[in-house]
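The values are calculated or read from the model by the stated rules, or taken from the named source; none is laboratory data. For clarity, every value in this text was computed on a predicted model and none was experimentally measured. Cβ placement follows ideal geometry from the backbone for every residue including glycine, while neighbour counts extend to all protein chains displayed. Ligands, DNA and RNA are stripped out before the accessible areas are found, and what is left, the full protein with its side chains, is counted by its heavy atoms. Shrake-Rupley method; radii C 1.70, N 1.55, O 1.52, S 1.80 Å.
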Amino acid sequence: MTEREWAVLEILKEEYGDIGSGLRFKNPFELLIATILSAQSTDVRVNMVTETLFQKYPGPTDFLQLTEEALAKEIASIGLYRSKSKNILKTCHMLVSEHQGQVPADRTKLEKLAGVGRKTANVVLCNAFHEPAFAVDTHVFRVTNRLGFAHHKTVVGVEQQVTASLPPSLWCDSHHWFIWHGRGPCKARTPLCGKCPVGELCPWPERADYQ
């Protein structure tokens, strides 16, 4: 990693510290379900739904008491709620039948669960099991490309480039720093480059347009 990149990370660490995930969860199962729900939705909206949802249905066997239609009603304020209802119940069935009701701390097993892709698996591994993993969502993809930590047009490519340069001990923390930076000044359409704490170190060519 270059001296500039280290300097950027130090500033992001100072700005965002150990703020962690924006999703509220008490255990790996809650995080898994919340992350599935978060696709094309906001953490704020998901937290509003799961606050009640997890009180009613704290584990996979509890969710399996529901039909797809009943669960869909519980999560109807979240985007893609019908497909998410279907995937969540399939995942709960797999957890009970194949994993003794526990969320596996294994990437391959996680990615076999319904509705779980590489990003969701990385989120669970990092936040629930404290394993080195680097999840790339839309914010991470945008920020890492703008700040020069990656130069790639695919999510997998960004993950590979960032994890090749950063030590594994920083993968989880930097993932969160990039997310919160993307939710803050480094917005998609109207970035606040003039107020950005790492502005002077940013190599993004379009930065000058937002001063």
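May I ask you to derive the FRET efficiency for Gln55 and Ala164 from their Cβ-Cβ distance with R0 = 25 Å, giving the value to the nearest 0.05? Spell out each step's value before the answer.
Working: r = 42 Å, r/R0 = 1.69.
Computed FRET efficiency for Gln55 and Ala164 comes out at 0.05.
Tell me what the chain gives for mean residue ellipticity at 222 nm when only DSSP H runs of n ≥ 4 count, each as -39,500 (n - 2.57), the sum divided by the residue total, rounded to 500 deg cm²/dmol.
Helices in the chain give a 222 nm mean residue ellipticity of -16500 deg cm²/dmol.
Only one of the values (i) 14.4; (ii) 10.6; (iii) 11.5 was calculated from this structure for mean projected area of the Cα convex hull in nm²; name its label. Recomputing mean projected area of the Cα convex hull in nm² here gives the entry labelled (iii).
Provide the per residue accessible area, probe 1.4 Å, for the chain, rounded to a whole number of square angstrom. Write out the running numbers ahead of the final one.
Values: 10850 Å² over 211 residues.
So the chain comes to 51 Å² accessible per residue, rounded to a whole number.
Where nothing but the Cβ of Lys and Arg (+1) and of Asp and Glu (-1) is charged, how large is the charge dipole of the chain around its Cα centre, in debye to the nearest 20? Provide the component values of the computation, followed by the final result.
Working: 24 positive and 23 negative charges, 134 e Å.
Magnitude of the dipole: close to 640 debye.
Listed by chain and number, the lysines placed with their C-alpha closer than 16 angstrom to that of Lys112 are Lys84, Lys86, Lys90; residues fewer than eight positions away on the same chain are left out.
Would you kindly state how much longer the chain becomes between Gln211 and Asn27 on full extension, computed as 0.36 nm times their sequence separation minus their alpha carbon distance, in nm to one decimal? Write out the running numbers ahead of the final one.
Values: separation 184, 0.36 × 184 = 66.24 nm, distance 4.25 nm.
Stretched out fully, the Gln211 to Asn27 stretch lengthens by 62.0 nm.
Taking all protein chains in place and a 1.4 Å probe, what share, in percent, of the accessible surface of the range 28-129 do carbon and sulfur account for?
Details: 2340 of 4790 Å².
Solvent-exposed carbon and sulfur of the range 28-129 make up 49 percent of the total.
Modelled spin-label separation between Lys195 and Arg82, with each label point placed 7 Å from Cα along the Cα-to-Cβ direction: 4.0 nm. Straight-line cross-link partners of Lys187 among the lysines, defined as a Cα under 25 Å from its Cα and at least 8 positions apart when in the same chain: Lys13, Lys119, Lys153, Lys195.
Peptide packing: for 123-133, 10-20, 105-115, the average count of neighbouring Cβ atoms within 10 Å per residue gives the ranking 123-133, 105-115, 10-20, highest mean first.
State the Cα centre-to-centre distance between the range 19-40 and the range 139-156 in whole Å. Between the Cα centre of the range 19-40 and that of the range 139-156, the gap is 23 Å. Charges were assigned to the Cβ only: +1 to each Lys and Arg, -1 to each Asp and Glu. The resulting dipole of the range 28-129 about its Cα centre is roughly 320 debye. Choose one of Ile33, Val8, Pro104: the residue whose Cα lies farthest towards the positive end of the charge dipole of the chain (beta-carbon charges +1 Lys, Arg; -1 Asp, Glu; about the Cα centre). Going by the charge dipole, the pick is Ile33. For the chain, taking a cut-off of 4.7 Å between Cβ atoms, the unpaired cysteines are Cys92, Cys186, Cys193, Cys196, Cys202. Note on Val156 and Glu69: the model spin-label points, each 7 Å out from Cα along the C-beta direction, lie 3.9 nm apart.
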